[in-house]
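Heads up, the thing below is written out as structure tokens.
All of the numbers you see were taken from the coordinates with simple rules; none came from a lab. Since the model is a prediction, treat every value here as computed from it, not as a measurement. For neighbour counting, all protein chains shown are included, and Cβ atoms are generated from backbone atoms with ideal geometry for every residue, glycine included.
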Amino acid sequence: MPDDRIAQVCDGLDMLHEDNSIPRNIRRGAEEVKVSLLNESDPLDVRVATATSRLDELANDPNIPLHGRTLIWNIMSRLEELA
């Protein structure tokens, strides 16, 4: 069950990463979040907390377009279901 939710979160992060209308630093951050989320050497709760914190930073970036911020909030909602 958590694997399905992680896959959904990763799909959202991929969408964010591939959207050229979103600044490069935010796209790079989305990819970093995905890598850390898939790193199974850390416990799931630690990975979720780290990802949520990093996504919160990205969502507060003043240069992110509104649709990108909305996508990040949707991803964070999915992550909260895992915690």
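Run the numbers for Glu40 and Asn63: contour at 0.36 nm per residue of separation, minus the present Cα-Cα distance, in nm.
The span from Glu40 to Asn63 would gain 5.1 nm if fully extended.
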**Study point:** Helix-only mean residue ellipticity at 222 nm for the chain, each DSSP H run of n ≥ 4 adding -39500 (n - 2.57), per residue, nearest 500
**Key:** -26000 deg cm²/dmol
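Viscosity 1.002 mPa s, temperature 20 °C: what is the translational diffusion coefficient of the chain from Stokes-Einstein with a Kirkwood Rh over Cα pairs, rounded to a whole number of µm²/s? Write down the numbers at each step before the final one.
Numbers: Rh = 12.4 Å.
Using the Kirkwood radius from Cα pairs, D works out to 172 µm²/s.
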Point to revise | Max mean-square fluctuation residue, GNM over the chain, Cα-Cα springs under 10 Å, options Pro43, Pro65, Pro23 | key: Pro43
Point to revise | Asp4-Ala49 pseudo-label distance in nm [points 7 Å out on the Cα-to-Cβ vector] | key: 2.8
